[in-house]
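What follows is a short report on a single structure.
The values are calculated or read from the model by the stated rules, or taken from the named source; none is laboratory data. Here the structure is a predicted model, which is why all the values come from computation and not from measurement. Methodologically, a virtual Cβ is constructed for each residue, glycine included, from the backbone with ideal geometry; neighbour enumeration extends over all protein chains shown.
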Amino acid sequence: MMIKDILPILLVVLFFFNCKKKEYVDKIYEKPEIVMEAPSNFLSPEESMKTFYLPEGYKVELVASEPMVDEPVTIAWDGDGRMYVAEMNTYMQDVDGSGTNRSISKIKLLEDTDGDGRMDKSTVFIDSLLLPRMILPLENELIVNETFSYDLWSYKDTDGDGVADKKERVYYNPNRRGGNLEHQQSGLLWNLDNWVYTTYNPIRFKFQKNKVIVDSLENMPSGQWGLTQDDMGVMYYSSAGSENPAYGFQQPAAYGNYNPEGRLSEGFMEPWPVVGTPDVQGGPDRLRPDNTLNHFTGVAGQEIFQGHRLPPSTYGDLFIPEPVGRLIRRAKVKIEDGKKVLYNAYDQAEFMASTDLNFRPIQAKTGPDGALYIVDMYRGIIQESNWTKKGSSLRPVIIRKELDKNIGKGRIYRIVHEDIKPDSKKPNLLGKKASDLIEYLGHKNGWYRNTAQKLIILKDDKSVISELKEIASDNNSWWIKLFGTDMDLGIQRVHALWTLEGLGVVDKALIKEKFLDEDERVRVTAIRLSEKFLKAGDTDLFSSLEKLASDGSLEVANQLALSLRYSKDKKATDILNKIGAKYESNEIVSHSVKESLKKDDSRLAQLKTRLAAKGLGDKQSIFRGYDSYNQLCITCHGIDLKGVPTEDGTLIAPTLIGSPRVTGDEKGKLSKILLNGLIGPIDGTDYGIMMPLKANDDQWIADVLTYVRAMNDIDGVHKNVVKKAREQSKDREDYWTLKELEKEK
């Protein structure tokens, strides 16, 4: 029988197959009457869950709570689905943050032994830590970073009792990470490109068998608490300090920090709590008449949902916890003429909101079971002690509501849908051979795809290379196109290509072949992988790349424009000019072309040219200050030192270019601003609080000030000036105001 004879039968079967697909109506909850002054007393997990508002059909299930977990801040699963929970057991135990730096925090290992979705076994995997903030499970070890340190430590349980008994430092940086604990790195995200990224730091890591590779990046997004990626490895950052719920997501971080206007739709910055928000750092200006938060502030722990056990419409959405507003935003990521734009999924409402004042969602995660997990620190105070000092707007509210009494608890939830059961079968990936892991590279749940890729690379088993190449080479067969499959075969090919890269295989012939793949995501991946040859000066690919300049996909054209920056060959410039002419009116592609045509004209290169006439000592101080500024100050003051603009055009922080405090001769007063912080109006505008930086040493502060003054073309600040200013203000605990500083001698 010929295919033409059975085609009508196949079409009928396909019709009935598609008819079985469930349609989900995403109906938002009926908005309650706002409680302007809710009580702050503790609720049991069951009582607290009754205060949650979710769209119709969605519900919350308890995964773990106190005493099993205490002050949880981040979670991660190993390949067998066991959950690691990092706890900050000393975080804000009173209004002054007393005892914060005690090394008594823990990382717990939780297990669900009966498959009901609720954890029933807990062990202290690591004890006596100083505020652990980053965790990354590898094959048989956990990578951990603690607050105030850049170091990465490997912990292993060698006897299987659930307790780490072997500790080894795998990355060492002798410098102490300064600043308060809110303005430090987070992440340790194993990206699709096999680099592990953190926020703030302009470096990334590769974990390979028996070694760690470190690489530096310039002008990558900085971020704060939270880091996530989409299917193509594009990361989404957020920053509570600059009240910025999402940025850095227009392109992979390796190509720099690009945040075009309009990436957040009109009204996106406005959250919709269901309870009054008395404890907002910005005070009355951040509240509506009904006492609810009118602007994002405490954004943290965002997640692109890649799970398969919620309605399909949730896949690829960005979930943003807002612990100050006691809510979670669900953002739709729409591509408009090549630009990613975020929209609130609901009209003047949020995906999840609570009337419990102690509900503090600080992280969202895609689980191995395909559900969405929420880490609730469940506590009274959520802001660090630098924002609760005497004179702050927060302190009297905290004391009045007795929020400082609410400590020592924590909850982990998962969000499910009443019509879809989460996977009950636990993952069992750690014991599998590399060849057995390959099938998961096309799994519908991104957690499986990402974990399988990571584990294959860590095993370093070269015997799977031929099978990975075969998968990467394959295009969808006609019967798969007709009937579909549980796997996304395009994204499977993407993962196969990146897994090959992680094993050290970037095959030129395969890359050329994938330039012609029917899936634009695979073509984009092939272009990124071709950068290896472009960097080496290889010109063999240019004829193929030139054809891609006419590709019908904006994503492909933009990626080509981004990648060609790595070639200094004239042919690369010609192709870039061709792309630029074709997409002259497209904001995103035009920007990529412009940046790539600069080639070596980077910020650091520009700075080196600018400082050519300065002495060696001055240069060293400025470059150290440049690094420190990019790790901490850039979030609010911006890459150009002129202040980060919000969507409404106002600035998060004042400009440092031309500022009379920066350019003046009173370097001691300038040093005091950094040591103790600043509060109150600046040149007629109130920007909120600038945090104290006295936890950093005198040289660190001198270097930052020297860099900032160098960008104003004036002389630097010596560490002795900072030392004297520190001595003069050693008994001062409060922030400075400009009025007070003017009276200082």
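Going by what's in this entry, would residue 327 be described as buried (at least 21 other Cβ atoms within 10 Å of the Cβ) and either under 20 Å from the mean Cα position of the chain (by Cα) or modelled with pLDDT of 95 or more (or both)? Criteria met by residue 327. Among the numbered conditions (1) over 34 Å from the mean Cα position of the chain (by Cα); (2) surrounded by fewer than 19 Cβ atoms within 10 Å (Cβ to Cβ); (3) farther than 30 Å from residue 285 by Cβ, the only one that residue 725 does not meet is (2). The criterion of at least 2 residues that are on the phi > 0 side of the Ramachandran plot is met, among strands (runs of 3 or more DSSP E) falling completely within segment 184-240, by 187-190. Taking segment 305-316 as the range and being surrounded by fewer than 22 Cβ atoms within 10 Å (Cβ to Cβ) and without any contact (Cβ under 8 Å) to a residue 60 or more places away in the chain as the test, only 315 passes.
Residue check: is residue 403 farther than 22 Å from residue 100 by Cβ, touching a helix residue (DSSP H, G or I) at 6+ places or on another chain (Cβ under 9 Å) and not β-branched (Val, Ile, Thr)? Taking the combined requirement at face value, the residue does not satisfy it.
Scanning segment 490-520 for residues that are of a type in the set (Phe, Trp, Tyr) and touching a residue at least 60 places away in the same chain (Cβ under 8 Å) yields a single hit, 498. Restrict the check to segment 104-119 and report whether at least one residue is within 30 Å of residue 390 (Cβ to Cβ), at pLDDT below 95 and over 26 Å from the mean Cα position of the chain (by Cα). For segment 104-119, residues within 30 Å of residue 390 (Cβ to Cβ), at pLDDT below 95 and over 26 Å from the mean Cα position of the chain (by Cα): absent. For segment 559-576, the condition of being within 30 Å of residue 488 (Cβ to Cβ) and surrounded by fewer than 21 Cβ atoms within 10 Å (Cβ to Cβ) holds for at least one residue.
Go through segment 548-558 and give me each residue that's of a type outside the set (Asp, Glu) and either surrounded by fewer than 16 Cβ atoms within 10 Å (Cβ to Cβ) or farther than 15 Å from residue 590 by Cβ (or both). Selection gives 548, 550, 552, 553, 556. Taken over segment 215-270, the criterion of being closer than 19 Å to residue 191 by Cβ, under 16 Å from the mean Cα position of the chain (by Cα) and small (Gly, Ala, Ser) is satisfied by 222, 223, 226, 233, 238, 246, 248, 253, 254, 256.
Between a residue in segment 603-617 that is touching a residue at least 12 places away in the same chain (Cβ under 8 Å) and any residue that is assigned to a loop (DSSP other than H, G, I, E, B) and aliphatic (A, V, I, L, M), which pairs come within a Cβ distance under 8 Å, given they are 6 or more apart or on different chains? That search, which allows pairs on different chains as well, returns 603/639.
When the residues of segment 64-92 are narrowed to those that are farther than 14 Å from residue 363 by Cα and of a type in the set (Val, Ile, Thr), which ends up surrounded by the fewest Cβ atoms within 10 Å (Cβ to Cβ)? Looking at residues that are farther than 14 Å from residue 363 by Cα and of a type in the set (Val, Ile, Thr), I get 90. One residue stands out among those in segment 282-296 that are touching a residue at least 12 places away in the same chain (Cβ under 8 Å) and in a loop (DSSP other than H, G, I, E, B): the one that is nearest to the chain's Cα centre (by Cα), which is 296. Restricting attention to segment 635-666, the residues that are crowded, with 21+ Cβ neighbours inside 10 Å and in a helix (DSSP H, G or I) add up to 3. Among helices (runs of 4 or more DSSP H) entirely within segment 579-634, having at least 2 residues that are of a type in the set (Asp, Glu) and at pLDDT 85 or above singles out 587-598. Among the residues of segment 261-291, just one is modelled with pLDDT of 95 or more and hydroxyl-bearing (Ser, Thr, Tyr), namely 265.
Residue selection: residue 680 satisfies the criterion of being surrounded by fewer than 18 Cβ atoms within 10 Å (Cβ to Cβ), in contact with a Ser or Thr (Cβ under 7 Å, 6 or more places away or on another chain) and either farther than 24 Å from residue 619 by Cβ or hydroxyl-bearing (Ser, Thr, Tyr) (or both). Of everything in segment 297-317 that is outside any loop (DSSP other than H, G, I, E, B) and not small (Gly, Ala, Ser), the residue that is farthest from residue 284 (Cα to Cα) is 312.
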